[in-house]
1. Which is closer than 24 Å to residue 87 by Cα and either in contact with a strand residue (DSSP E or B) (Cβ under 6 Å, 6 or more places away or on another chain) or surrounded by 13 or more Cβ atoms within 10 Å (Cβ to Cβ) (or both), of 148, 190?
2. Are any residues in the range 18-59 buried (at least 16 other Cβ atoms within 10 Å of the Cβ) and touching a residue at least 60 places away in the same chain (Cβ under 8 Å), and if so, which ones?
3. Among the listed residues 143, 106, 183, 98, identify the single one that is modelled with pLDDT under 90 and in contact with a helix residue (DSSP H, G or I) (Cβ under 8 Å, 6 or more places away or on another chain).
4. Those residues that are surrounded by fewer than 18 Cβ atoms within 10 Å (Cβ to Cβ), within 30 Å of residue 59 (Cα to Cα) and either touching a strand residue (DSSP E or B) at 6+ places or on another chain (Cβ under 9 Å) or in contact (Cβ under 8 Å) with a residue 40 or more places away in the chain (or both), I need them from the range 72-115; list them, please.
5. Can you list the strands (runs of 3 or more DSSP E) lying wholly within the range 194-280 that have 1 or more residues being over 19 Å from residue 107 (Cα atoms), touching a helix residue (DSSP H, G or I) at 6+ places or on another chain (Cβ under 8 Å) and at pLDDT 85 or above?
6. Is it the case that some residue within the range 118-133 is under 14 Å from the mean Cα position of the chain (by Cα) and surrounded by 12 or more Cβ atoms within 10 Å (Cβ to Cβ)?
7. Determine whether residue 130 is farther than 24 Å from residue 32 by Cα, in contact (Cβ under 8 Å) with a residue 12 or more places away in the chain and assigned by TED's automatic domain parsing to the domain that holds residue 216.
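The values are calculated or read from the model by the stated rules, or taken from the named source; none is laboratory data. No experiment lies behind these values; they were computed from the predicted model shown. Because the Cβ atoms are built from the backbone with ideal geometry, glycine has one as well, and the counts that use them run over all protein chains shown.
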């Protein structure tokens, strides 16, 4: 978006504010995993053993020792977060305060900054390409057919997406999409049970949560806004333009640069919002 000119370079600052806390979270989890597995290998008698045959003999002796079975079960379970960590991979939230209770226990979240939780859907008017499951052997035809489309497929990588709860929200979104075109931004609009419907398989609680709110989703499939209703097309546009904060900050800085005086923030913000409204 920055390279195409549809977003200011200040958008790149979000990589520091959003991604760094997640990277630090991953690093802490990795360090914890390392400590746990090294401790486990030590109990198995394989840590710090240079000779492979000796390490293997120690391992076989340990796993065959009845008195060691409880320790082995506990040690294997202690590695769950090391190898089963879906909550880290897709459950993280772009929020500095976020920390998972358990890396293996994925929780669907409908909050700003969270990745849109997956639900299986059936298109009603869309021409979405189906997910190809033919490479997985042993799946029944009915099973495959019910899993050809995900709500994540509604999100295009170069556009914002809104899943509109009702007709009014959809109309607001269509108007906002026209205004956003003038900024070089695209907004795709989808309405449940008009453009697609949720199927009865998968995470029922996740699907039910998603059915009771309108969702504005970023191109990276993370939720920007979740609400029961938008106040109007301006609300949608403002949300996508980051509440016009970036535009306003640029204007404030330019004003102070040219005049040498503190920018009249209230007056300028009102003018910017008025300009946005005329684009609709």
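1. Values: 190 fails: closer than 24 Å to residue 87 by Cα.
Of 148, 190, the one residue that is closer than 24 Å to residue 87 by Cα and either in contact with a strand residue (DSSP E or B) (Cβ under 6 Å, 6 or more places away or on another chain) or surrounded by 13 or more Cβ atoms within 10 Å (Cβ to Cβ) (or both) is 148.
2. Hits for the range 18-59 are 18, 21, 22, 25, 29.
3. On the way: 143 fails: in contact with a helix residue (DSSP H, G or I) (Cβ under 8 Å, 6 or more places away or on another chain); 106 fails: modelled with pLDDT under 90; 183 fails: in contact with a helix residue (DSSP H, G or I) (Cβ under 8 Å, 6 or more places away or on another chain).
Matching residue, one of 143, 106, 183, 98: 98.
4. 78, 79, 82
5. On the way: elements: 196-198, 214-217, 223-227.
So the answer is 196-198, 214-217.
6. If we filter the range 118-133 for residues that are under 14 Å from the mean Cα position of the chain (by Cα), which is where we start, we get 118-119.
Those left that are additionally surrounded by 12 or more Cβ atoms within 10 Å (Cβ to Cβ): 118-119.
Checking the range 118-133: at least one residue is under 14 Å from the mean Cα position of the chain (by Cα) and surrounded by 12 or more Cβ atoms within 10 Å (Cβ to Cβ).
7. On the way: farther than 24 Å from residue 32 by Cα: yes; in contact (Cβ under 8 Å) with a residue 12 or more places away in the chain: yes; assigned by TED's automatic domain parsing to the domain that holds residue 216: yes.
Yes, satisfied.
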